[in-house]
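Data first, discussion second: the structure below is written as structure tokens.
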Amino acid sequence: MNIPSKYEPQKVEDHWYGYWMKYNYFHSTPDEREPYSIVIPPPNVTGVLHMGHMLNNTIQDVLIRKARLMGKNACWVPGTDHASIATEAKVVAKLKEQGINKADISREEFLKHAWDWKHEYGGVILEQLKKLGCSCDWDRTAFTMDANMSASVIKVFVDLFNKGLIYRGYRMVNWDPQAQTTLSDEEVIYEEKQGLLYYLSYSIEGSNEKVTIATTRPETILGDTAICINPNDERYNHLKGKNAIVPICNRVIPIIEDEYVDIEFGTGCLKVTPAHDINDMALGEKHNLETIDIFNADATLNSFGLHYEGQDRFVVRKEIKRELEEKGFLIKTENYINNVGTSERTKAIIEPRLSDQWFMKMEDLVKPAIRAVLETDEVNFYPKKFENTYRHWMENIRDWNISRQLWWGQQIPAYYYGDGQDDFVVSESRTEALELAKSKSQNPSLALEDLRQDEDVVDTWFSSWLWPMAVFNGILEPDNEDIKYYYPTSDLVTAPDIIFFWVARMIISGYEYRQEKPFENVYFTGIVRDKQRRKMSKSLGNSPDALKLIDNYGADGVRVGLLLSSAAGNDLMFDEDLCQQGKNFANKIWNGFRLLKGWEVVDLPQPKSSKLGISWYKAKFDQTLGEIEDHFSKYRISDALMAIYKLVWDDYSSWLLEIVKPAYQQPIDRTSFNKVIEIFEDNLKLLHPFMPFLTEEVWQHIAERSPEEALIVSQWPGKREVDVSLIKEFDFATEVISGIRTIRKEKNIPMKESLELSILKTEKNAKDWDVVIGKLTNVSSISYVDTAVEGALTFRVKSNEYFIPISGALDVEAEIKKIKEELKYIKGFLLSVQKKLSNERFVNNAPEQVIAIERKKQADAEAKIETLEKSLASLG
């Protein structure tokens with residue numbers, strides 16, 4: 001088979017991905033093998049491949065390919081999330097471009113546009129994952145709004161409602177005025193923002209007295225319904241029982257008393273706006289205050305905003321400041337840093353808003369999930385440090401607001417049949433809802449058209465929290481073959497920033513609906529950052545185009561680059577140079593293979609050096625395999641890759657191939673060649689999960705293979721007893737080889753000029769390796785002596801001393817001069833170290849570690865001086 005001179009990733013990657021798809025290697029169905037299953041964290045259907053996806057999915061593919069090689073029935077379920085807020089925003093924007101306003105069309109029309117958008121753009125990111133080499137079971141591709149997925153969500157909603165765990169309540173919620181929907185507490189990101197504290201003067205009714213209030217939001221005075229003072233604050237005793245007048249709107253409001261007010265903060269007087277602050281709402285309920293909502297859904301002011309009606313809240317803040325100033329109500333302003341809630345999705349500043357919403361009680365649901373991670377270790381986190389984050393959230397959990405004011409998503413299955421607060425039923429179908437409504441209302445004449453379904457949809461996370469079960473249809477058919485075989489899944493690979501949104505909730509739902517964990521292990525990747533430690537983002541312009549990276553460096557090069565940057569759970573400092581390193585590694589493997597296949601193979605006796613080298617490499621391979629397995633067991637994926645990288649680059653390419661390489665234009669013996677091919681194939685098996693394209697290409701070039709013999713479905717190397725003595729002997733031999741090579745380099749002795757080596761031996765190292773030393777250093781003879789050799793260059797390895805007699809090519813006078821200069825420097829260095837160690841103050845006060853370092857410097861310098869003096873004596 002003709003082997004191209006260069007490795008060309010673009011040609012190779014398309015070819016082998018097509019081949020893997022053709023022979024259905026990624027597909028899995030239940031059988032007698034041990035299952036290994038992963039469910040993909042479903043990317044948003046609006047998404048395109050970014051660096052975070054690249055890292056996360058590379059790790060998943062490494063795990064799934066390794067499991068496949070280990071003979072497990074590997075199943076990686078791909079899919080996408082419908083992403084209510086993001087997708088609805090995209091569709092609304094597209095309609096706007098076409099001159100269509102969402103408010104002017106029906107829900108059904110809007111959903112048709114949304115599904116059209118999904119069918120046109122929704123599969124982009126999954127196609128991009130194929131470019132990365134992801135070996136997902138594409139036949140199982142799921143979408144969180146597929147019919148069975150939506151049916152699962154509705155079934156769970158109804159079930160939890162019937163258990164009393166879902167309820168409808170009039171609460172203060174986090175309102176996103178841009179997306180015009182509520183958000184859960186976890187979807188609100190708090191940011192410090194520089195603002196102003198406004199000191200405002202309120203008149204006391206029926207007198208000339210005034211009271212000063214401090215607020216960060218002057219526009220909300222139009223919703224004030226009380227002023228609150230602390231009953232223990234003597235400054236305001238004279239105000240008890242009186243009324244105040246709100247500036248501009250002239251509303252008369254009571255002055256109430258409550259110990260909630262902090263006497264030390266601001267002026268000690270608090271304006272109470274129950275519709276726009278959660279603490280004010282609590283005061284309002286306690287003191288039966290009126291609630292006045294001054295905002296529309298888009299955070300413009302409504303009719304309670306008077307002459308500001310229709311204007312945005314932040315525009316009004318500037319305008320009302322001017323008006324308050326002109327009318328003498330604004331006393332002063334002060335700079336003030338405020339912790340402001342922003343929408344995780346749209347970045348809009350959140351508005352607290354009173355609204356009828358659906359909530360889920362969490363207090364009891366979380367208990368099994370807390371035990372599973374923090375007490376019984378049924379679910380293991382890697383790294384374990386994230387258990388603290390998990391504990392904090394789970395032990396401080398609040399009821400989950402699960403309704404969203406959107407159209408794209410699973411519509412809440414609540415049906416209203418009247419105007420009363422409780423005139424609704426919850427059911428999986430409209431027809432069933434009708435029967436329930438007739439029974440509850442005791443009105444048998446109710447018809448389907450009398451029912452009005454709740455307009456809201458459930459939170460996107462309320463669908464994805466069921467993901468590990470729903471992808472195997474485990475909610476609708478809890479005893480089907482797939483869910484019983486693949487669930488619990490094996491590993492989950494995800495980012496730590498969705499530990500609350502997704503990971504914890506999947507564990508909660510797993511114990512609620514299957515009484516068991518959804519996965520065994522959770523591996524948290526780090527956040528991808530640039531070399532300046534900034535998070536990669538479009539807005540900063542520091543995130544490289546993922547597909548362009550693949551074009552430039554090949555998918556395998558990018559995968560290696562990402563993993564070399566990534567330590568478990570720590571943020572990844574991405575450096576494009578590491579992708580180049582990955583590409584160079586691919587070229588190294590390719591060129592090494594071409595070298596191997598370029599040798600003429602004949603039936604010759606196997607040289608002793610080759611036999612020894614092959615035995616050593618097998619021992620080294622077995623040792624490294626143990627290290628790799630240990631790294632995988634601890635989810636140190638980048639460490640596993642580095643161990644393989646060093647094995648292939650250093651041990652295989654730099655040592656083994658050099659040991660077995662035949663002399664120039666000479667053939668290699670068949671035994672050695674066949675053994676090296678076997679070794680190379682084992683190397684490819686270890687590398688395949690990390691570099692699937694290159695390894696499959698080389699594997700198929702080694703020999704003609706049937707589809708059943710493809711590398712992707714070959715067998716992971718088995719563990720063997722490690723011959724540690726072979727590894728130690730070789731390590732000793734490499735030090736000798738390095739010593740000889742150093743002398744050649746320093747003395748400019750060309751490799752073609754053979755040397756003689758004499759050894760004064762005291763170490764118990766095997767002489768067997770002399771043949772390898774001789775071959776790799778062009779030493780024509782090795783002899784063992786009882787005394788030092790005069791007139792020779794020398795070096796030491798442990799207690800052995802090695803002598804290379806001087807040939808005529810060496811300038812003895814120049815060498816003596818060079819050694820004397822080095823001796824002078826080393827003696828000076830030794831003197832400075834001895835001076836430091838003889839200083840009692842230093843020895844008594846310095847840490848033990850520092851003193852140990854200095855003593856090692858002394859010992860090393862003394863040994864070097866001894867060697868140099870012997871070299872000088874032999875030359876003299």
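The values are calculated or read from the model by the stated rules, or taken from the named source; none is laboratory data. Quantities reported herein were computed from a predicted structural model and do not represent experimental measurements. Glycine also receives a Cβ, built like all others from the backbone with ideal geometry; neighbour counts cover every protein chain displayed. Note: areas computed on protein heavy atoms with side chains; ligands, DNA, RNA excluded. Shrake-Rupley method; radii C 1.70, N 1.55, O 1.52, S 1.80 Å.
Inside segment 255-268, can you point out the residues that are open to solvent by less than 50 Å² (accessible area, probe 1.4 Å) and either in a strand (DSSP E or B) or not polar (S, T, N, Q) (or both)? Listed by number, the residues that qualify are ILE255, ILE256, ASP258, VAL261, GLY266, GLY268.
Of all residues in segment 164-183, those that are in contact with a Lys or Arg (Cβ under 9 Å, 6 or more places away or on another chain) and farther than 23 Å from LYS318 by Cα total 11. Picking from residues in segment 93-123 that are aromatic (Phe, Trp, Tyr) and touching a residue at least 12 places away in the same chain (Cβ under 8 Å), the one that is nearest to ARG140 (Cα to Cα) is TYR121.
Taken over segment 346-367, the criterion of being under 20 Å from TRP393 (Cα atoms) and not aliphatic (A, V, I, L, M) is satisfied by PHE359, LYS361, GLU363, ASP364, LYS367.
Each residue in segment 329-347 was checked for being in contact with a Ser or Thr (Cβ under 7 Å, 6 or more places away or on another chain) and either part of a loop (DSSP other than H, G, I, E, B) or crowded, with 16+ Cβ neighbours inside 10 Å (or both), and 2 of them qualify.
For segment 246-276, name all the residues that are in contact (Cβ under 8 Å) with a residue 40 or more places away in the chain and closer than 12 Å to THR212 by Cα. Scanning segment 246-276 gives VAL246, PRO247, GLY266, THR267, CYS269, LEU270, LYS271.
What strands (runs of 3 or more DSSP E) lie completely within segment 113-205 and have 3 or more residues being buried (at least 19 other Cβ atoms within 10 Å of the Cβ), under 32 Å from the mean Cα position of the chain (by Cα) and at pLDDT below 95? Strands (runs of 3 or more DSSP E) meeting the threshold: 166-176, 181-183.
Could you list all residues from segment 733-778 that are under 16 Å from THR867 (Cβ atoms), open to solvent by 60 Å² or more (accessible area, probe 1.4 Å) and touching a residue at least 24 places away in the same chain (Cβ under 8 Å)? Hits for segment 733-778 are GLU735, THR742, THR762. Among the residues examined, HIS27 does not qualify as open to solvent by 10 Å² or more (accessible area, probe 1.4 Å), within 28 Å of SER565 (Cβ to Cβ) and either at pLDDT 95 or above or assigned to a helix (DSSP H, G or I) (or both). Restricted to segment 357-438, the set of strands (runs of 3 or more DSSP E) holding at least 3 residues that are within 28 Å of the chain's Cα centre (by Cα) comprises 380-382.
The condition of being in contact with a His (Cβ under 8 Å, 6 or more places away or on another chain) and either open to solvent by less than 60 Å² (accessible area, probe 1.4 Å) or closer than 30 Å to THR695 by Cβ (or both) holds for only one of LYS517, LYS597, that being LYS597. Of the residues making up segment 829-846, those that are out of contact with any helix residue (DSSP H, G or I) (no Cβ under 7 Å at 6 or more places or on another chain) and open to solvent by 80 Å² or more (accessible area, probe 1.4 Å) number 7.
For segment 719-751, give me the residue count where each residue is basic (Lys, Arg) and closer than 19 Å to SER654 by Cα. Selection size over segment 719-751: 4. For ILE350, work out the one condition from (1) buried (at least 19 other Cβ atoms within 10 Å of the Cβ); (2) out of contact with any helix residue (DSSP H, G or I) (no Cβ under 7 Å at 6 or more places or on another chain); (3) farther than 22 Å from ASP185 by Cα it doesn't fulfil. Every listed condition holds for ILE350 apart from (3). Whether a residue is in contact (Cβ under 8 Å) with a residue 24 or more places away in the chain and open to solvent by less than 40 Å² (accessible area, probe 1.4 Å) was assessed, and ILE851 does not pass this test. Any residue that is in contact (Cβ under 8 Å) with a residue 24 or more places away in the chain, part of a helix (DSSP H, G or I) and within 20 Å of LEU183 (Cβ to Cβ) - is there at least one of those in segment 469-487? No - not one qualifying residue is present in segment 469-487. For segment 51-88, residues that are under 17 Å from MET145 (Cα atoms) and either of a type outside the set (Ser, Thr, Tyr) or not in a helix (DSSP H, G or I) (or both) total 10. When VAL812 is tested against (1) surrounded by fewer than 16 Cβ atoms within 10 Å (Cβ to Cβ); (2) without any contact (Cβ under 8 Å) to a residue 60 or more places away in the chain, exactly one condition is not met: (2). Among the residues of segment 491-536, the ones that are within 27 Å of SER633 (Cβ to Cβ) and part of a loop (DSSP other than H, G, I, E, B) come to 8 in all.
Restricting attention to segment 573-591, the residues that are open to solvent by 30 Å² or more (accessible area, probe 1.4 Å) and of a type in the set (Val, Ile, Thr) total 0. In segment 508-526, the residues that are touching a residue at least 40 places away in the same chain (Cβ under 8 Å) reach residues that are surrounded by fewer than 19 Cβ atoms within 10 Å (Cβ to Cβ) and charged (D, E, K, R) with C-beta atoms within less than 7 angstrom, at least six apart or across chains, in these pairs: GLY510/GLU516; LYS517/GLU378; GLY526/ASP571. Looking at segment 813-830, can you tell me whether even one residue there is over 53 Å from the mean Cα position of the chain (by Cα) and β-branched (Val, Ile, Thr)? Yes: segment 813-830 contains one or more residues that are over 53 Å from the mean Cα position of the chain (by Cα) and β-branched (Val, Ile, Thr).
Note on segment 395-419: residues that are open to solvent by 30 Å² or more (accessible area, probe 1.4 Å) and free of Cβ contacts under 8 Å to residues at least 24 places away in the same chain total 2.
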